[in-house]
Amino acid sequence: MTVQTSRPPDLLRERRQELGIPELPDRITSIDQLLLRGALIGGGLVLLVVATAGFLFLRQQLVRTELDRLTAVQAEVEVLEGQVKARQAEVDKVTGVNRELAKGLVGVRSGSTVLRELQLRTPDGVQISQMQVEGDTLRLKGQARDPQAFSRINVLQLELKRSPLFQPEGVALSRAFREEKDPRSTLPSVVSFEMSAPFSELPPSREMVLLKRLGAEGMARRYQLLQKEGLLP
């Protein structure tokens with residue numbers, strides 16, 4: 001119950017009236033009432049702080065849950081990206097292999113095309129005994145018979161330089177030596193040689209012309225078909 005006290009005798013009332021000072025209130029609020037009012041205000045502030053802290057805690061938990069979810073999604077995305085890259089690498093590898101196989105089957109570097117070109121370029125008196133493709137280079141071994149065996153070898157080298165199949169500046173004679181002749185043999189003496197010729201990088205249009213010139217009409221048609229399929233540039 002609220003306890004109030006009456007105002008004590010006011011001995012200075014007349015003096016305050018003379019000075020224009022307001023009268024004292026009729027009743028003075030008790031200390032218990034002031035304490036109760038302060039407690040209510042303080043309790044309200046405490047409740048406000050607790051409510052704010054609770055809201056912030058819940059908000060933090062929601063944010064943390066969302067971050068965990070996004071982290072899991074990011075991990076899944078990274079795994080999927082890795083799988084896509086791995087599969088794309090496999091596809092690129094298979095595509096590259098298929099293109100190389102297609103080039104080997106119908107390109108000007110195929111065995112039949114090179115043989116046909118050598119038949120057209122090899123002069124009389126020269127015999128090719130071995131032909132080997134090492135990377136982008138054709139290596140030849142053979143023999144040239146007398147008379148003028150070395151001249152025949154030089155003619156072969158010049159012919160290969162004129163061929164669109166090879167890089168002219170790279171055609172080189174790496175070795176040439178005269179074989180010992182059996183005194184009892186009636187055959188002319190021979191000179192063995194080794195020669196290398198790097199292949200040219202021909203555009204598709206020139207490859208088609210060369211294939212047709214060499215009489216490889218069927219191979220030229222297959223070349224066009226593989227171009228349509230995207231296996232050749």
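A few comments on the model shown:
- Residues with amide H under 5 Å from that of residue 200, placed H, sequence gap 5 or more: 166, 167
- Cα gyration tensor shape for the stretch 111-184, rounded if a/c is under 1.5, else prolate or oblate: prolate
- Between residue 56 and residue 187, the contour length at 0.36 nm per residue exceeds the alpha carbon distance by 36.5 nm.
- Cβ crowding within 10 Å averaged over residues, with 153-163, 120-130, 39-49 ranked highest first: 153-163, 120-130, 39-49
Just so you know, all these numbers are worked out from the coordinates, no wet-lab data involved. This is a predicted model, so every value here is computed, not measured. Positions of Cβ are generated from backbone atoms using ideal geometry, with glycine treated the same way; all protein chains shown enter the neighbour counts.
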